[in-house]
Amino acid sequence: MICSGFLKRIYMLNKSKVMRNMLIGMVGAAICMLACWLAMAYGKGNIRNGYIQSNWPKMPYLRFEASLILSGIGISLYYVGLKEMIKVVKTMRSRRRPVSISMARLFEIGAITSVISYMFIQAGYIMMALVYKMLFNTSLMGTDIISTVEGMFYYIAIPLLSFLVLSVAGVSIPCIYFMYCDRFKVLKVCMLFNPLILWGLGELLKLTKNYHLIDFASAAIPFGYLLMMAAGLSHVAKMPAKKRGE
């Protein structure tokens, strides 16, 4: 394993490039937020029945198509910044703290999983909406439509939810750990700015009857990634830039 101090010195030679790439990653996360709103902001009057949303038939196909296109663009840009974030976390490892090495590995696994699985997760939820929308105007009874859509979802539920939990918890727990140990040079309040906390907050917002809050909650996870990347950018900005030859 490369010494984290040596890695930090090599890494900070390109501080401006690192910060630029992380800004690109934040833009990508913002685009992913827009993609989530297009596909999962159901608007006023929506009634949730398990995974089924009553306003799916009212949503134009263009919204779902645009959501998938923006998801592909957003996750690609997000990955540009995420690669730098992984390197930043690796500089926080310490041989004196074996837990920090495990946490850095967990972050890398969670980060890579978030990129690989994002389109699968997004497409899985959109597939349910499209199938429901296509069957809604047929002669099938409502209960038959719901059972068909839910049956399709159950085939992919285990891998989808597993990817979701690993990608969210895998990056959030290490960030909280490194911030708590002061390896992450940001304010302690930033421990709340991660996908896991925002996911939980989003689920609480969905319990309210305010459809504005419910719709905002649909983009809580990518918003958490954006805030996490912003914390990483703040950390890098506080690190002294190294000049070649030093």
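The values are calculated or read from the model by the stated rules, or taken from the named source; none is laboratory data. Since this is a predicted model, take the numbers as computed values, not measurements. Glycine also receives a Cβ, built like all others from the backbone with ideal geometry; neighbour counts cover every protein chain displayed. To get the accessible areas, we keep the full protein, side chains included, count just its heavy atoms, and leave off ligands, DNA and RNA. Shrake-Rupley method; radii C 1.70, N 1.55, O 1.52, S 1.80 Å.
Pairs with C-alpha atoms separated by more than 28 Å, drawn from the list 90/206; 83/133; 44/188; 58/83; 133/209, are 90/206; 83/133; 44/188; 58/83.
Quick one: longest stretch of the chain between exposed loop trypsin sites (Lys or Arg not before Pro), exposed meaning at most 11 other C-beta atoms within 10 Å and loop per DSSP? Longest stretch, sites excluded: 97-208. Counting protein heavy atoms only, the chain has 68 percent of its accessible area on carbon and sulfur, 1.4 angstrom probe.
Among 153, 223, 184, the largest mean-square fluctuation in a Gaussian network model of the chain, built with springs joining Cα atoms closer than 10 Å, belongs to 153. Rounded to whole numbers, the Karplus 3J(HN,Hα) couplings from phi for the range 178-193 are 5, 5, 5, 8, 6, 7, 9, 7, 9, 5, 4, 4, 5, 4, 8, 9 Hz, using 6.51 cos²θ - 1.76 cosθ + 1.60 with θ = phi - 60°, and x at Gly and Pro. Shape of the range 160-209 from its Cα gyration tensor (a ≥ b ≥ c, root eigenvalues): rounded if a/c is under 1.5, otherwise prolate when a/b > b/c, or oblate? It is oblate, given that a/c is not under 1.5 and a/b is not larger than b/c. Note that the range 21-34 has calculated 3J(HN,Hα) couplings of 5, 5, 5, 4, x, 5, 4, x, 5, 5, 5, 5, 4, 4 Hz, one per residue in order, obtained from phi through the Karplus relation 6.51 cos²θ - 1.76 cosθ + 1.60 (θ = phi - 60°); glycine and proline are x.
Residue-wise HN-Hα couplings along the range 195-207, as the Karplus relation 6.51 cos²θ - 1.76 cosθ + 1.60 with θ = phi - 60° gives them from phi, are x, 5, 5, 5, 4, x, 4, x, 5, 5, 5, 5, 7 Hz; Gly and Pro carry x. Per-residue packing, averaged as other Cβ atoms within 10 Å, sorts the ranges 162-170, 228-236 into the order 228-236, 162-170, beginning with the highest. At a probe radius of 1.4 angstrom, the accessible area of the chain per residue rounds to 52 square angstrom.
Close amide H contacts of residue 206 (hydrogens built in the peptide plane, cut-off under 5 Å, sequence separation of 5 or more or a different chain): none are found. The distance between label points at residue 144 and residue 203 comes to 3.5 nm (points 7 Å beyond Cα on the Cα→Cβ vector).
For the chain, modelled as a GNM whose springs connect Cα atoms under 10 angstrom apart, the maximal fluctuation among 161, 205, 192 occurs at 161. Taking amide H atoms as placed 1.01 Å from N in the peptide plane, the amide H of residue 41 has no partner under 5 Å among residues 5 or more positions away or on other chains.
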